[in-house]
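Once you've had a glance at the structure underneath, I'll fire off some questions.
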Amino acid sequence: MFEMARLEVPIIAIVIGEGSSGGALALGVGNKVLMFENAIYSILSPEGYSSILWKDSSRYKEAAEKMKLTAKDLYDLKIIDKIIKEPVGEDAFEKIANNLKKEIKSSISEMNLKDKQQIVEERYSKFRNMGEYINFEN
C-alpha cells in the first residue's frame, strides 16, 4: 500500500461485489473508489467481526450494521467517491455495464487534467481524511 500510494499515475478502484480483508485496504488507496450500490466493502466479514467481538458468529447481522459496509454508509464516511447504480430487469446487465463504463470514463477524464504531483498529493490527502473520528472521552 505504501508503494501504491506513491505511484504517479491515477488509481481507480471499483468494488463490484464483496471487497474484504487485506485487499480492501489496498482499494482504499485509489484516487477514485467507485462501488456498486449493492456491493459491500470492509476489512473483515460480518461473521468474523461478530466472532471476534462477541465470540458469536450468529450475530453477523448486528455486526454488519455496526461495520458500516454498505455503499451508502461508505459514501457518507467519505471512504468511497461514487455509488454506481445497479438497475434491475431484463436489460440490467447492459445498464449496469454502461453505468460502470460512464463512471470509468468520467474518472479518467478528470484524472487526465492533473499532473503527477497533484495525483499523488490528492490521493494522500483523500486517504488521510477518510472516515470520522469520535472522541468518547469527553
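The values are calculated or read from the model by the stated rules, or taken from the named source; none is laboratory data. It should be emphasised that the depicted structure is a prediction, and the values quoted were computed from it without experimental measurement. In this analysis, Cβ positions are derived from the backbone assuming ideal geometry, glycine residues included, and neighbour counts consider all displayed protein chains.
Somewhere in the stretch 96-111, is a residue among the aliphatic types (A, V, I, L, M), within 20 Å of residue 20 (Cα to Cα) and surrounded by 13 or more Cβ atoms within 10 Å (Cβ to Cβ)?
Taking the stretch 96-111 and keeping what is among the aliphatic types (A, V, I, L, M), we get 96-97, 100, 104, 108, 111.
Remaining after also requiring within 20 Å of residue 20 (Cα to Cα): none.
No - not one qualifying residue is present in the stretch 96-111.
Scan the helices (runs of 4 or more DSSP H) fully inside the stretch 27-138 and keep the ones with 2 or more residues being of a type in the set (Val, Ile, Thr). It would help to see each step written out before you state the result.
Details: elements: 46-54, 60-67, 71-76, 92-112, 116-128.
By residue number, 92-112, 116-128.
Another question, if that's okay. Exactly one condition in (1) in a helix (DSSP H, G or I); (2) of a type outside the set (A, V, I, L, M, F, W, C); (3) surrounded by 15 or more Cβ atoms within 10 Å (Cβ to Cβ) is not met by residue 10; state its number.
Among (1) in a helix (DSSP H, G or I); (2) of a type outside the set (A, V, I, L, M, F, W, C); (3) surrounded by 15 or more Cβ atoms within 10 Å (Cβ to Cβ), the lone unmet condition for residue 10 is (1).
Taking the stretch 17-33, which residues are under 18 Å from residue 107 (Cα atoms) and under 10 Å from the mean Cα position of the chain (by Cα)?
Our first condition is that a residue be under 18 Å from residue 107 (Cα atoms); within the stretch 17-33, this holds for 27-33.
The answer is 27, 28, 29, 30, 32, 33.
Could I ask something else about it? Considering the stretch 20-41 alone, what residues qualify as being surrounded by fewer than 17 Cβ atoms within 10 Å (Cβ to Cβ) and among the polar types (S, T, N, Q)? Walk me through how you get there before you give the answer.
The first filter runs over the stretch 20-41 and keeps only residues surrounded by fewer than 17 Cβ atoms within 10 Å (Cβ to Cβ), leaving 21-23, 25-26, 37-38.
Matches in the stretch 20-41: 21, 38.
Is the stretch 42-60 home to any residue that is surrounded by 13 or more Cβ atoms within 10 Å (Cβ to Cβ), under 27 Å from residue 121 (Cα atoms), out of contact with any His (no Cβ under 8 Å at 6 or more places or on another chain) and of a type outside the set (Gly, Ala, Ser)?
Within the stretch 42-60, one or more residues are surrounded by 13 or more Cβ atoms within 10 Å (Cβ to Cβ), under 27 Å from residue 121 (Cα atoms), out of contact with any His (no Cβ under 8 Å at 6 or more places or on another chain) and of a type outside the set (Gly, Ala, Ser).
Further question: Here are 60, 49: which of them is among the aromatic types (Phe, Trp, Tyr) and in contact with a Ser or Thr (Cβ under 7 Å, 6 or more places away or on another chain)?
Just a single option satisfies the conditions, and that option is 60.
Another one. Please pick out the residue among 115, 76, 81 that is at negative phi and crowded, with 17+ Cβ neighbours inside 10 Å.
Values: 115 fails: crowded, with 17+ Cβ neighbours inside 10 Å; 76 fails: crowded, with 17+ Cβ neighbours inside 10 Å.
The unique qualifying residue is 81.
Residues that are of a type in the set (Lys, Arg), closer than 22 Å to residue 36 by Cα and in contact (Cβ under 8 Å) with a residue 40 or more places away in the chain: does the stretch 55-76 have at least one? Don't jump to the end; show me each part of the working.
Keep residues of the stretch 55-76 that are of a type in the set (Lys, Arg), which gives 55, 59, 61, 66, 68, 72.
Remaining after also requiring closer than 22 Å to residue 36 by Cα: 61, 66, 68, 72.
Subsequent filtering for residues that are in contact (Cβ under 8 Å) with a residue 40 or more places away in the chain retains none.
Within the stretch 55-76, not a single residue is of a type in the set (Lys, Arg), closer than 22 Å to residue 36 by Cα and in contact (Cβ under 8 Å) with a residue 40 or more places away in the chain.
Then there is this: Could you give every pair whose Cβ atoms fall below 7 Å, whose first residue belongs to the stretch 39-54 and is under 15 Å from residue 79 (Cα atoms), and whose second residue is of a type in the set (Ser, Thr, Tyr) and modelled with pLDDT under 90, counting only separations of at least 6 or pairs across chains?
Pairs found: 42/20; 43/20; 43/21.
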